[in-house]
Amino acid sequence: GGRGAPWVAAHAFRRVVVPAEVAEEIAAGGSAQFACAEFDAATWLDRRKSPVILPPYLLTTLDRGEAAVITLALAEKIATACIDETVGRRVARSHGLMVTGSIGVLIQAKQQGLTVNVRTSVARMRQHGIWLSPALEVEALRLAGE
């Protein structure tokens, strides 16, 4: 375990676009999958129904979700990709994208008044083997006003 979901965040997070490949990865885990319930309940996500055509060169180093995030961001001129994995972040940056992580998206959503509990999300991430440094956790909670 230990992987966060990749997302595409557009224009200071006015919208968050989720490629079909990412939605499929989350759904494939069933209701026991980490963040599946939260994903289903998040009405503020723009879930795409059609898969994107993935360039084979991206699939040599990335999983389908990360490759889809980068491809969709580039195709729709979305400036920021949300990818937690180091390799995915490096590839996104090499394509001129800014990157954030899942916590960054949650903080932004909370700051925009959406129903998000960052403290609970961080605790659930920890339960599923996704760790934040203590300093990052404190800063995340401060920024979220929790």
Exercise for review: Name the single residue, out of those in region 121-138 being open to solvent by less than 70 Å² (accessible area, probe 1.4 Å) and either without any contact (Cβ under 8 Å) to a residue 40 or more places away in the chain or of a type in the set (Gly, Ala, Ser) (or both), that is nearest to Leu45 (Cα to Cα).
Suggested key: Ser121
**Study point:** Matching residues, region 85-104, being hydroxyl-bearing (Ser, Thr, Tyr) and free of Cβ contacts under 8 Å to residues at least 12 places away in the same chain
**Key:** Thr86, Ser94
Exercise for review: Within region 80-88, identify whether any single residue is farther than 19 Å from Val18 by Cα and not aromatic (Phe, Trp, Tyr), and answer yes or no.
Suggested key: yes
Revision key, fill the gap. The helices (runs of 4 or more DSSP H) lying wholly within region 1-107 that contain at least 1 residues that are open to solvent by less than 40 Å² (accessible area, probe 1.4 Å), at pLDDT 80 or above and among the hydroxyl-bearing types (Ser, Thr, Tyr) are 64-75
Review point. Looking only at residues in region 105-120 that are in contact (Cβ under 8 Å) with a residue 24 or more places away in the chain and not aliphatic (A, V, I, L, M), which one is nearest to Ile78 (Cα to Cα)?
Key: Gln108
Practice item. Assess whether Glu76 counts as being under 18 Å from Val22 (Cβ atoms) and under 10 Å from the mean Cα position of the chain (by Cα). Key: no
Exercise for review: Specify the residue that is farthest from Trp131 (Cα to Cα); the eligible residues are those in region 109-118 that are open to solvent by less than 50 Å² (accessible area, probe 1.4 Å) and assigned to a helix (DSSP H, G or I).
Suggested key: Ala109
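The values are calculated or read from the model by the stated rules, or taken from the named source; none is laboratory data. Only a predicted model underlies this, so the values are computations on that prediction, with no experimental measurement involved. Cβ coordinates were reconstructed from backbone atoms using ideal geometry, including for glycine residues, and neighbour counts include every protein chain displayed. Just so you know, the surface numbers come from the protein's heavy atoms only, side chains and all, with ligands and any DNA or RNA stripped out. Shrake-Rupley method; radii C 1.70, N 1.55, O 1.52, S 1.80 Å.
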